[in-house]
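I have placed the structure first, in the form of structure tokens, so that the comments after it can refer back to it.
The values are calculated or read from the model by the stated rules, or taken from the named source; none is laboratory data. It should be emphasised that the depicted structure is a prediction, and the values quoted were computed from it without experimental measurement. Cβ coordinates were reconstructed from backbone atoms using ideal geometry, including for glycine residues, and neighbour counts include every protein chain displayed. Areas reflect the complete protein model, heavy atoms only, side chains present, ligands, DNA and RNA absent. Shrake-Rupley method; radii C 1.70, N 1.55, O 1.52, S 1.80 Å.
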Amino acid sequence: MQNVMIVGAGKGGTAILKIIKESEMLNIYAVIDRNLDAPGIKLAKQEGIITGTDWHPFINDPIDIIIEVTGDENVFHDLREKKNKNTVLIPGSVAFLVSKLMEEKEELIQKHQYEFYLQELIFNATNDGMIVINNHGVIILFNRRAEEMMGIKKEYAIGEHIVEVIPQTRLPLILETRRIESNQEMVLSNGRKIITTRIPIIEENGTLIGALAVFKDITEVVNLAEEITDLKEIQTMLQAIIHSSDDAISVVDENGRGILINPAYSRLTGLTQEEVIGKPANADISEGESMHMKVLKTRRAVRGVPMRVGPNKREVIVNVAPIIVNGKLKGSVGVIHDMSEMKSLSRELNQARQLIRKLEAKYTFEDIIGKSDEMVLAIEQAKLGAKTPATVLLRGESGTGKELFAHAIHNASDRKYNKFIRVNCAAISESLLESELFGYEEGAFSGAIRGGKRGLFEEANNGSIFLDEIGELSANTQAKLLRVLQENEIIRVGGTKPISINVRIIAATNVNLEKGIANGTFREDLYYRLNRMPIHIPPLRKRKEEIPALCERLIQKINRDYGRNVEGITEAALQQLMDYDWPGNVRELENILGRAIIFMNFHELLIDTHHLPELQRKEGQEPSVFLNADSFKSDRPLSEMLDEYEAKIIKHTLQRFKGNKTQTAKALGLSVRNLYYKIEKYNLEKNNMQ
């Protein structure tokens, strides 16, 4: 190994020192510099090399090479003269060049190290997987993201052929075709879905040096896209449900700004989306407090709050509930119900309840309107009678509502789940009435049904039978009815065997039974049986304060019967009805209202005075039928005076209707059969014709 002495330990000498130290062919014998603080001297001392300030003492030592790096020509010439002839002297210029080359080398190395570090940093910092192969298909770069996606460590990939690591790769094809493949979908062996771009690496001179693959994991993106698609479908479905709802719905966000309304909401309030969406929650309220804001403050639902909404001040009922997602308040949803529609439905429900009744009894005490003292007393008596098995006798003028009371008594009794049979004794001829009431045996008369027929009393067994116009019964029928009341049994027409029955009898009459007893047309013993619990129903003229409520109920009934939608009656028309004495009672009132509604136009909603017929009697138009003061001075019995008064009323009414008995009977609240009976009784036919 050759010995080297370095003369000059400055920058150049230090560089040469470092180069020779790395060589295995040369040995540094000594480092000389007149400045002991020179960097080369310090480095030599650290390495255990001989140092000095003068080279002369070392000139005859076994030194093979002297490198002069002082840059002083005198030193170079002096060394050349005094060195051994076998010692090689290298001038400082060469040493300086070598030092420069070394510096550039170190700079290049540092630069490449920095660039490599920067490339590695960028290569591994990207969220995309990256693989680089050389022109032989061998992997030379494999970043950290590629490791994660492939599930393969970098140490096992670098230096391996790409096909060995990724069997389904197309990078070898890129080396062949030199063509770029962009955004290609691919499924890795571990099930991951990726989008990859493959690029050939070509130098400027056209030399192919490798290929690069950049790929992105889209598994999460695909899953997220599927979730978003599902969410959009759910959102679309929810919007379709909300928009198809007939209930008005509004939704606000957590700040109380409108974010959604449905068409039903616009129809109800009269507000468009532009007037609600993005606006404060109280933008639609005409009267009342915003329930949306209240719910957002309290986080509690509210139910059944009345208010008015929209420019038309629509009366509504509001239900509002908070929208809470994962414990966080996101807004509130309100459902608005139209009160007018609810009121209409309530009316329809009440009408339906009136139509759907138990068995044949259609009315209850709730259907009876009574405010006057006399009417309240009658209702209380009827309720008391309903709780007993006693026979009830309903008395009152025609049209006062006796049948209504009969229905109510049956429905309030313990017989309400059994039959309720109604019989108008004046509407059935005398020859048929007995067989209808009591039934008949086979062969009882010509035309009798084979096997006989059950009567109405048998049909009503364990229930109630309502005998209207009881005062019109014949003497024979009265006797049979008395047997029913006394013995609780009947005998069919043509039969001999009594049949036990359990029937509650409710009778009604508008005639004076006491007068009938005096005249011998009504049995006194039957009267006492029937009159156990008499209930007097006052005429309408004695309870006019009930006319407004009666009008409301009757208008509802007529609307249902005629398919109309009249809402009520004006104050003027009502006053006109209150000023009338109503000889036909409630039946006449219903007749007047029915006629008014029939002749009303369909767009008219209130009955007014011009819809009503003339109810006030004009002076001189109709003769008076009232008794004068002289009538009371007579010594005649009361029954004769009552007969005379009744005859005058019937005669006057016949004249008013020009002899039309149907209209006369209807005006007087009588059956046609009963009218004929009274005309014959008072001999009015001949007088009326005159």
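Along the Cα-to-C-beta direction of Thr219, a point sits 7 Å from the Cα; which residues of region 180-195 have their amide N less than 20 Å from that point? Taking a point 7 Å out along Cα→Cβ of Thr219, the residues of region 180-195 whose backbone N falls under 20 Å are 184-195. DSSP bridge analysis restricted to the chain gives an antiparallel fraction near 60%, rounded to the nearest 5. Electrostatic tally near Ile428: other residues with Cβ closer than 13 Å to its Cβ, Lys and Arg +1, Asp and Glu -1, net -4.
The alpha-carbon atoms of region 514-600, seen along their principal axes, cover 51, 27, 22 angstrom, with the largest extent given first.
Full extension of the chain between Glu148 and Asn312 gives 52.4 nm of extra length, using 0.36 nm per residue less the Cα-Cα distance.
Our Cα-only numbers for region 394-487 put the radius of gyration and Dmax at 14.4, 42 Å. Remark: region 244-298 projects, on average over all directions, an area of 3.8 nm² (convex hull of Cα atoms). Element breakdown for the chain at a 1.4 angstrom probe: carbon and sulfur atoms account for 51% of the accessible area.
Within a Cβ distance under 11 Å of Asn319, other residues only, what is the Lys/Arg minus Asp/Glu net charge? Charge balance near Asn319 sits at 0. A protection proxy built from the mean count of other Cβ atoms within 10 Å ranks the segments 534-540, 577-583, 281-287, most packed first, as 534-540, 281-287, 577-583. Projected over all directions and averaged, the alpha-carbon convex hull of region 4-63 occupies 3.7 nm². Amide H contacts under 5 Å for Ile607: Gly568, Ile569, Thr570, restricted to partners 5 or more places along the chain or on a different chain, H placed in the peptide plane at 1.01 Å from N.
Helical runs (DSSP H, four residues minimum) scored at -39500 (n - 2.57) apiece and divided by the length of the chain put the mean residue ellipticity at 222 nm at -13000 deg cm²/dmol.
Among residues other than Leu593 with Cβ under 12 Å from its Cβ, the summed charge is +1 (Lys and Arg +1, Asp and Glu -1). Ordering Gly191, Ile158, Met641 by the projection of their Cα atoms onto the charge dipole of the chain, which places +1 on the Cβ of Lys and Arg and -1 on the Cβ of Asp and Glu, puts Met641 at the extreme positive end. Compared with the alpha-carbon gap, the fully stretched path from Arg564 to Ala427 is longer by 46.2 nm at 0.36 nm per residue. Charged side chains reduced to their Cβ positions (Lys and Arg at +1, Asp and Glu at -1) give the chain a dipole of some 3660 debye around its Cα centre. For region 126-205, how big is the tail of P(r) above 18 Å, as a whole percent of Cα pairs? That tail contains 39 percent of the Cα-Cα pairs.
Work out the charge dipole of the chain with +1 on the Cβ of Lys and Arg and -1 on the Cβ of Asp and Glu about the Cα centre, then indicate which of Gln239, Val69, Val4 is farthest towards its positive end. Positive-end residue among those listed: Gln239.
Calculated from the alpha-carbon coordinates, region 484-629 shows an Rg and a Dmax of 22.2, 64 Å respectively.
Between the beta carbons of Lys279 and Asn326, assuming R0 = 22 Å, the FRET efficiency works out to 0.20 to the nearest 0.05. Once you keep just the Cα pairs under 8 angstrom separated by 6 or more residues, what percentage relative contact order results for the chain? Result for the chain is 6 percent. With kT/(6 pi eta Rh) evaluated at 37 °C and eta = 0.692 mPa s, and Rh the Kirkwood radius from Cα pairs, the chain diffuses with a coefficient of 84 µm²/s according to Stokes-Einstein.
For Leu141, nonlocal amide neighbours, meaning residues 5 or more places apart or on other chains whose placed amide H falls under 5 Å from its own, are Val132. Positive end of the dipole of the chain (Cβ unit charges, origin at the Cα centre): among Asn601, Leu554, Ala146, the Cα lying farthest that way belongs to Leu554. Extension gain for Leu238-Arg303 works out to 21.1 nm (0.36 nm per residue, less the C-alpha to C-alpha distance). Computed from the C-beta positions of Ile517 and Ser286 and an R0 of 60 Å, the FRET efficiency is 0.30 to the nearest 0.05. This model, with +1 at the C-beta of Lys and Arg and -1 at the C-beta of Asp and Glu, gives region 465-526 a dipole about its Cα centre of some 260 debye. Looking at region 527-561, none of the GluC sites (Glu not before Pro) sits in a DSSP loop with at most 13 other Cβ atoms within 10 Å of its own Cβ. Under 20 Å from a label point set 7 Å out along the Cα-to-Cβ vector of Asp525, the amide N atoms of region 386-407 belong to 391-392.
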